[in-house]
Amino acid sequence: MASIVAFVLVWPIAQAALVARFGVDPWEFFGWSMYALPAARVQVRVDVERAGQIQPLRAMGEARRRIRTYARRRSALGALAQWDALAREIMAADPAIDAVVIVTRRIALDRATSRLVAHDERHRYERAAAVGGAGA
């Protein structure tokens, strides 16, 4: 019984640390951070580079489903969600792609101004990295 009480006392602090450090959705994992922050939603855009030209990926079918799944995972897990597997799958589907750029946009509350602001992250994965094993 004491371990349950200890867990109930410690978990909200641990969950708040996950939210602060990794951008985990405050509405996930049974914490109390949800009462202080809006739910984190992440938008994902995928661009591809072919012959030096960067253009948005026109994803259909399975690729579109995988991008949506990644967006949900990224919304819930924040920076803990891995992006390189998605980039490898997109690159494997089309040998003409030289690089994949995954842009994630998270809308968050700016406490200083009390406004919602967009935070963009860009992850670039090049074909050479796919062969060598490490993403950029």
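The values are calculated or read from the model by the stated rules, or taken from the named source; none is laboratory data. Predicted, not measured: the structure shown is a model, and the values here were computed from it. Heads up, the Cβs are rebuilt from the backbone with ideal geometry, glycines too, and the neighbour counts pull from every protein chain shown.
Some points to look at:
- ARG74 outside any strand (DSSP E or B), closer than 18 Å to GLN43 by Cα and in contact with a Ser or Thr (Cβ under 7 Å, 6 or more places away or on another chain): yes
- Test result for ARG58, of a type outside the set (Val, Ile, Thr) and either at pLDDT 90 or above or within 29 Å of GLN15 (Cβ to Cβ) (or both): no
- In region 37-63, the residue that is surrounded by the most Cβ atoms within 10 Å (Cβ to Cβ) out of those that are under 12 Å from the mean Cα position of the chain (by Cα) and outside any strand (DSSP E or B) is ALA40.
- Criterion applied to ARG21, ARG66 was being at pLDDT below 85, surrounded by 11 or more Cβ atoms within 10 Å (Cβ to Cβ) and within 18 Å of the chain's Cα centre (by Cα), and the one residue passing it is ARG21.
- Qualifying position, being closer than 15 Å to HIS123 by Cβ, surrounded by 17 or more Cβ atoms within 10 Å (Cβ to Cβ) and free of Cβ contacts under 8 Å to residues at least 60 places away in the same chain, among ALA81, ALA85, ALA16: ALA81
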